[in-house]
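Everything below concerns the one structure shown next.
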């Protein structure tokens, strides 16, 4: 067998080279992921019947710094708030026609991948 001008004497040598490459690539993937010092929050937004709610606005406010991170839910009701600086957060969700929902005392740590689902209630009408 010839690979890039080298002649491999057996399939055993080729298998060893492939195994070494796999181990090296797998090892570097963990290093790259571990370099992030932030966390993230993701979740699903539904109504009381379990139907997905699109275009809901999700805002995470860092209680220590006042910095806010905002995103919207997609057509499947999924939202994603990446790269949150570790710290205490209040997460609120708003959508026209629904009552605002808020979660307080949520702490994001380095490397966290928190899952936070919301079930929205229809807003009450004021007369």
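Compared with the alpha-carbon gap, the fully stretched path from residue 51 to residue 71 is longer by 5.3 nm at 0.36 nm per residue.
Each Cα pair under 8 Å and six or more residues apart adds its sequence gap; the mean of these over the residue count of region 39-120 is a relative contact order of 39 percent.
Bear in mind that the values in this text are calculations on the coordinates, not laboratory data. What you see is a predicted model, and the numbers here were worked out from it, not measured in a lab.
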